[in-house]
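Here is the structure we will look at.
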Amino acid sequence: MSESEDVAETGEASPAIATGSRTTAALGVGSRAAVRAVGSRAAVRARAVRGFDALLLDFGSVVTYTAFERHRESERLLGLAQGTFAWLGPVDPTTDPLWRSMERGEISERDYWAHRASEVGSLLGQPAWTPLDFFQAVRGEDPNRSVRESARRTVRAARAAGLRVGILSNELELFWGRPFMARLDILRDVDALVDATHTGILKPDPRAYWLALEELDTSAERVLFVDDQMRNVEGARRLGITTVHFDVAAADACFAAVRGLLGLEPDAEGASGRHP
């Protein structure tokens, strides 16, 4: 999505943001592993002013860099000639008919990556490669290098302000694998993780969002949801959830907009160590 498209949708030069109609569904407390208690009355007052209790993030492309953004590094890791990967997905959809097919809903994102994994594997004599094989091969030794610094800063700022933070992913473990996930520092900073690898419920199915709301112990109108796929954004809007449509070509600007919507002060972001 281009910045000009954002302007057309919101009337401002900012990432696409929309609030759906208020939901009346009553949500109970889910079986989340951990919910961080608000540490002070000041944090409670700040939340009330902001109008949000929680931040809910997609994982791939939002929290992490896309594979498309790291093609040259991936080619080097795989021993392939520079420029082998000419398909750029959301970075430049005109280069990628298969991605456009996925955006039209003709195939799923899982289908897209299954095709790309087999395609790349075939170049290496491994035509049976799965998406997990592909992603493990191109992510190197340290999974934390795949995490956007702006995502890390935003998550930490949200938690410092007393907000709960959740991840809602269609294929986190399917594409990353449990051993890799165990080494991702940012997953230790979230209160709830809902992964369709285990639930079998893919966004934009409404049940996926309800599960996340239960895990975060909040209601639709009190959460801010961020996703790079418009169909997932629209699915959230239909439930009354405020959304930011994430543009991978303007990732830092999108996270700045998220922090603005949450009312996070710049000095609350912290400057804890970057991963190389």
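The values are calculated or read from the model by the stated rules, or taken from the named source; none is laboratory data. Every value quoted in this text rests on a predicted model; they were computed, and no experiment measured them. Cβ: placed from backbone, ideal geometry, glycine included. Neighbour counts: every protein chain shown. Surface areas here come from the heavy atoms of the whole protein model, side chains and all, with no ligands, DNA or RNA. Shrake-Rupley method; radii C 1.70, N 1.55, O 1.52, S 1.80 Å.
Laid out as a table, the results:
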item	result
Net charge of neighbours whose Cβ lies under 10 Å from the Cβ of Thr218, counting Lys and Arg as +1 and Asp and Glu as -1	-3
More than 17 Å apart - percent of Cα-Cα pairs taken over segment 151-237	50
Förster radius 51 Å - calculated FRET efficiency between Leu124 and Ala160 (Cβ-Cβ, nearest 0.05)	0.70
Relative packing of 138-148, 169-179, which averages over residues the other C-beta atoms within 10 Å, highest first	169-179, 138-148
Listed residues Tyr65, Tyr209 arranged by accessible area, highest first, probe 1.4 Å	Tyr65, Tyr209
In nm, spacing of pseudo-spin labels at Ala182 and Ser101 (7 Å Cα→C-beta vector)	3.7
